[in-house]
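Below is one structure; the comments refer to it alone.
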């Protein structure tokens with residue numbers, strides 16, 4: 001099992017947990033929680049694959065995703081109080097997940113001969129659309145539209161990947177640097193309370 | 001015309017009516033009502049076909065769906081008061097529709113060599129996603145996330161179908177038993193007020 | 001560059017601006033505004049291409065769309081006050097955009113051998129779904145479900161196109177008449193305050 005695949009599964013697990021917690025916040029029942037966790041975890045990758053016409057979508061061809069998601073939902077139901085105290089750890093894994101999802105989205109797009117600029121957008125979609133769908137289903141304005149430089153971190157990592165890729169740097173090193181860039185970018189923005197400007201009337 | 005196809009059209013009609021009634025509840029105009037009825041009726045099957053990469057999607061290759069949906073919307077507009085008094089009948093047909101949609105989703109998935117476990121999820125998607133999109137468009141948290149063991153009935157029926165299918169039981173009998181299981185499950189849950197646990201903080 | 005393609009880009013620009021203004025209204029940050037502008041501009045065409053199984057979707061195979069959208073978002077951020085005073089001009093271009101999007105949707109569908117009746121629906125989807133997704137993301141009931149005979153204008157233009165097409169009229173003339181019909185229909189409805197009936201309980 002490659003490191004990227006392993007991190008992908010970790011990211012999927014954390015996204016499923018975050019979806020389940022969102023659902024719990026809205027007093028959804030077990031099914032609603034499962035469904036929300038599921039959509040949060042696979043939404044981004046599914047939308048990417050559908051837009052690219054890349055069938056079957058990832059979680060259809062690999063059962064591990066469903067197993068991991070089910071695990072995440074069940075763990076959240078059983079140990080919700082413990083999980084709530086792990087917010088810092090979850091946040092860290094969430095950030096890793098975003099980095100890995102962005103990377104996977106870009107690499108898949110490039111392998112389909114998509115223009116690098118669009119590949120970055122597809123990387124972003126992979127990372128953020130699960131959360132956007134989660135918030136829309138739960139009747140909130142997507143969190144990502146209002147808080148944190150979450151998406152900007154993905155874009156920065158994406159640009160770095162494309163530049164290093166065009167320099168024909170070793171691919172494993174590029175993967176490592178891209179994910180590190182996204183994680184660092186996000187952590188620094190939160191540490192120093194940097195945020196994007198808001199458009200005012 | 002096979003019985004399943006006939007029941008599929010009935011289910012589509014009832015879903016279109018339920019979508020139109022939802023829209024009326026939100027004071028949408030004729031177009032909004034038509035659109036909501038339309039999405040409710042075809043949303044689940046469309047999402048299933050798109051995720052499976054199974055093109056063209058069902059209602060593009062068979063005009064009958066559009067005709068039936070138009071009929072449902074127009075009937076609701078003309079005879080809304082009569083339809084409101086038929087809530088029990090509508091509910092029964094809605095339950096039948098859910099059963100049939102689940103069955104069709106599973107059979108289509110299996111015919112595309114999808115893993116049985118994912119086929120059950122696709123059956124569920126076929127049955128419930130139309131309603132989820134309807135509620136999201138009408139700015140509600142999807143009903144299915146909060147009330148009734150609607151989705152669980154689909155899952156129960158799906159599991160039954162896969163088990164009977166692996167036992168190589170006669171396919172028409174399996175279809176009949178699956179739909180019956182979903183209908184019975186839902187009616188019993190409502191009759192005895194059984195509901196799923198809610199995750200609380 | 002054909003006139004239709006030019007109008008398509010103008011329509012895309014105006015849709016991106018309208019999406020960005022919506023986002024500003026909800027106090028979204030720069031990313032949220034960009035994302036909303038982007039989805040508003042490409043949502044309709046993307047959904048049409050995905051439903052038709054017509055891959056790659058339009059904006060993946062032509063970078064101009066992304067460039068135009070980025071331009072629209074940046075212009076809105078820089079010159080928001082000027083743009084707000086141009087509401088009449090924007091409205092006019094928005095109406096032209098709707099006409100062109102409808103036309104392109106119908107022509108694409110017909111070129112894929114879709115039934116003319118469904119082609120009209122696909123034309124409508126191309127024109128209105130971007131706005132529907134925008135409103136859903138911003139947590140509003142889609143504007144199109146409540147106000148103006150926006151969608152009806154698209155349908156009227158679509159029916160006209162199909163009739164003239166079946167009469168084998170010159171295709172450029174048909175394009176011109178279809179777009180004109182949609183624009184005129186919408187302007188007249190607004191001028192004379194014509195609106196669709198609402199379904200009441």
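The set of residues from the range A:1-42 being within 13 Å of another protein chain (Cβ to nearest Cβ) and either within 23 Å of residue A:172 (Cβ to Cβ) or modelled with pLDDT under 85 (or both) comprises A:22, A:23, A:24, A:25, A:26, A:27, A:28, A:29, A:30, A:31, A:32.
Does residue C:131 satisfy the condition of being part of a helix (DSSP H, G or I) and closer than 30 Å to residue B:25 by Cα? Spell out how you get there, then give the answer.
Numbers: part of a helix (DSSP H, G or I): yes; closer than 30 Å to residue B:25 by Cα: yes.
Spelling it out, residue C:131 is indeed part of a helix (DSSP H, G or I) and closer than 30 Å to residue B:25 by Cα.
Quick one: is residue B:152 in a helix (DSSP H, G or I), within 13 Å of another protein chain (Cβ to nearest Cβ) and within 16 Å of the chain's Cα centre (by Cα)? The answer is yes for residue B:152. Taken over the range B:42-96, the residue count meeting the criterion of being more than 23 Å from residue B:32 (Cα to Cα) and either surrounded by 21 or more Cβ atoms within 10 Å (Cβ to Cβ) or touching a strand residue (DSSP E or B) at 6+ places or on another chain (Cβ under 8 Å) (or both) is 5.
With respect to (1) at pLDDT 90 or above; (2) surrounded by fewer than 17 Cβ atoms within 10 Å (Cβ to Cβ); (3) within 14 Å of chain B (Cβ to nearest Cβ), the lone exception for residue A:113 is condition (3). Does residue B:91 satisfy being at pLDDT below 85 and within 27 Å of residue B:156 (Cα to Cα)? For residue B:91, the condition - at pLDDT below 85 and within 27 Å of residue B:156 (Cα to Cα) - is met.
Against the condition more than 21 Å from residue C:4 (Cα to Cα) and either modelled with pLDDT under 85 or surrounded by 18 or more Cβ atoms within 10 Å (Cβ to Cβ) (or both), how does residue C:192 come out, does it pass? Talk me through it step by step, then tell me what you get.
Numbers: more than 21 Å from residue C:4 (Cα to Cα): yes; either modelled with pLDDT under 85 or surrounded by 18 or more Cβ atoms within 10 Å (Cβ to Cβ) (or both): yes.
When the stated conditions are applied, residue C:192 passes them.
Here is the figure for the range C:134-143: residues that are within 7 Å of chain B (Cβ to nearest Cβ) and either at pLDDT 85 or above or part of a helix (DSSP H, G or I) (or both) total 1. The lone criterion from (1) within 11 Å of chain C (Cβ to nearest Cβ); (2) in contact with a helix residue (DSSP H, G or I) (Cβ under 7 Å, 6 or more places away or on another chain); (3) at pLDDT below 90 left unmet by residue B:59 is number (3). Per the conditions (1) farther than 22 Å from residue B:138 by Cα; (2) surrounded by fewer than 23 Cβ atoms within 10 Å (Cβ to Cβ), the sole criterion not satisfied by residue C:22 is (1).
The values are calculated or read from the model by the stated rules, or taken from the named source; none is laboratory data. Since the structure is predicted, the reported quantities are computational estimates derived from the model, not experimental observations. Virtual Cβ from ideal backbone geometry, glycine too; neighbours counted across all protein chains shown.
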